[in-house]
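All remarks here apply to the structure that follows.
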Amino acid sequence: MSRIEEFLSLYKGKSTVTAYRWALAEFFKSVYGENGHKLEELGDKYFTDNRDYEKDITKFLAAINDKPPKSVRLMLSAVKSFLIENRVELTEKFWRGVIRRVKGSRARTQDKVPSNVELRQILTHTPVQGTALFLTLASSGMRIGEALQLKLEDLSLDNEPAKVSIRGSYTKTGNSRIAFISREATETIQQWLRVREDYLSAASKKSRYEKSAEDDRLFPFEHLTAYVIWKNAVRKAGFLKRDPETNRHTVHPHTLRKFFRSKMSQLIPVDIVEALMGHEGYLTEVYRRYSEEDLAKFYLQGESAVLIFTEAGEVRKLRAEVEERNKQLQTLANGLASENLELKDRVRSLEQQVGSIQSFLKDLDAVNKWIIENIPIPEGGPKLTKEDVERILKRQQT
């Protein structure tokens with residue numbers, strides 16, 4: 001195994017591996033130029049050439065410093081980690097000096113976060129699997145790399161709202177979390193699942209690459225496919241534009257994460273929103289203070305803000321009607337419960353009265369029996385009065 005392969009095997013995330021491979025390729029390009037060698041060969045060659053590492057990194061920074069600051073920092077971080085793994089540790093003073101020379105501190109591309117209406121226009125041009133994926137991203141705030149790793153068993157679509165269990169192996173930090181998706185996303189995923197097997201079967205037959213028809217992911221395709229679906233839809237909707245300074249597209253899938261944060265934070269606490277998105281600084285505290293049921297209730301309060309095909313006002317009106325109906329049902333239930341208690345009291349009283357009557361009838365039977373046995377009454381003789389019965393009963397008891 002080459003040094004580069006061994007280094008990249010330390011990382012599980014596909015996006016991280018792809019980014020680090022690209023960074024190392026750019027680094028060796030700045031060192032050796034285009035010399036026809038494969039990247040793995042250059043990685044092995046580099047440590048046998050007795051290079052001036054600080055000079056190479058300084059040259060590399062000069063070559064990439066016109067890129068976005070976040071990209072430059074990522075590329076430098078990849079090279080630094082690669083050197084350290086190969087026992088080349090430069091001083092922190094040197095690295096601090098390099099970082100200080102990075103131009104700017106914010107992303108240079110001016111992203112455009114689409115509105116609900118603009119997203120609706122974009123998603124009318126996506127196939128069902130694309131619509132399901134992008135509604136999932138827009139209504140949950142999860143990263144596209146996380147969504148593309150979800151397995152079918154990670155979804156609980158029967159919950160209200162539908163819940164997604166994001167495993168630690170999917171996330172940047174390695175920590176698991178839960179997220180929720182809107183009813184629109186849930187319904188579209190259900191539509192997608194009805195045709196998913198046919199899609200996967202067809203894709204596995206015509207793909208130039210090895211593709212398994214048994215792929216158990218919710219979205220069984222790669223980043224490139226997702227980005228192509230998105231780009232085509234954005235172009236057809238008329239929103240495909242590039243930043244004049246960086247030449248990068250201004251409306252890309254990551255803006256759906258920003259869309260979720262900006263919309264949800266208008267209706268529910270920001271710390272809840274940040275935790276649902278997986279920002280590490282908020283997860284522990286939010287999970288300590290709130291139960292899963294609490295988080296679901298918060299999500300439902302803000303869900304209307306991230307709906308794309310349903311007007312938010314209509315949803316709020318429907319939710320208000322449902323809440324009012326629930327109140328009426330609760331009032332009715334309380335009234336029935338009160339009436340039920342009154343009926344129970346009346347039944348109890350009637351049971352006591354029946355008991356008294358049964359006791360009297362039992363006594364009366366005893367009197368009749370005693371009379372028959374002890375007092376011969378001639379046929380056609382006088383009838384006994386009530387007082388006679390009471391007197392006889394008293395005598396019989398004594």
Identify all lysines with a Cα-Cα distance to Lys151 below 21 Å; exclude those on the same chain that are fewer than 8 residues away in sequence.
Lys12, Lys14, Lys163, Lys172, Lys211
Whole-Å semi-axes of the chain's equivalent ellipsoid (Cα gyration tensor)
80, 25, 21
I need the calculated FRET efficiency for the pair Leu152 and Tyr287, taking r as the beta carbon distance and R₀ as 25 Å, to the nearest 0.05.
0.50
Under the classification rounded if a/c is under 1.5, otherwise prolate if a/b is larger than b/c and oblate if not, where does the range 3-100 fall, given a ≥ b ≥ c as square roots of the Cα gyration tensor eigenvalues?
rounded
Listed by chain and number, the lysines with an alpha carbon less than 20 angstrom from that of Lys112, same-chain partners under 8 positions apart left out, are Lys67, Lys70, Lys231, Lys236, Lys241, Lys258, Lys263
Arranged by the count of other C-beta atoms within 10 angstrom, fewest first, what order do Ser291, Ser30 take?
Ser291, Ser30
Förster radius 35 Å - calculated FRET efficiency between Lys45 and His252, Cβ distance, rounded to 0.05
0.45
Treat the count of other C-beta atoms within 10 Å as a stand-in for reagent exposure and order Asp271, Asp49 from fewest to most.
Asp49, Asp271
How long is the gain from Glu92 to Ala366 if the chain were fully straight, where each residue apart is worth 0.36 nm and the alpha carbon distance is subtracted?
87.7 nm
Under the span-like rule (Cα at least 20 Å along the axis, Kyte-Doolittle mean at least 0.5), DSSP H helices of the chain:
69-85
Assuming R0 = 30 Å, what is the FRET efficiency of His37 and Arg100, from their Cβ-Cβ distance, to the nearest 0.05?
0.40
Label-point separation in nm, Lys14 to Gln191, each point 7 Å along Cα→Cβ
2.5 nm
Loop only by DSSP, 11 or fewer other Cβ within 10 Å of the Cβ. Give me the GluC sites (Glu not before Pro) in the range 74-171 that pass, ordered by residue number.
Glu89
Space enclosed by the convex hull of the alpha-carbon atoms of the range 34-181, per residue, Å³
200 Å³
Under the helix-only model (-39500 (n - 2.57) for each DSSP H run of 4 or more, divided by the residues of the chain), the mean residue ellipticity at 222 nm, to 500 deg cm²/dmol, is -20500 deg cm²/dmol
For Lys205, counting only aspartates and glutamates whose alpha-carbon sits under 14 Å away and dropping same-chain residues fewer than eight positions off, the answer is Glu197, Glu214, Asp215
In the calculated pair distance distribution of the range 116-310, what percentage of Cα-Cα distances lie above 30 Å?
20 percent
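Rule-based calculations on the coordinates, nothing more; no lab input. This one's a predicted model, so the numbers in the text were calculated from it and none came from an experiment. A quick note on method: Cβ atoms are made from the backbone with ideal geometry, for glycine too, and the neighbour counts reach across all protein chains shown.
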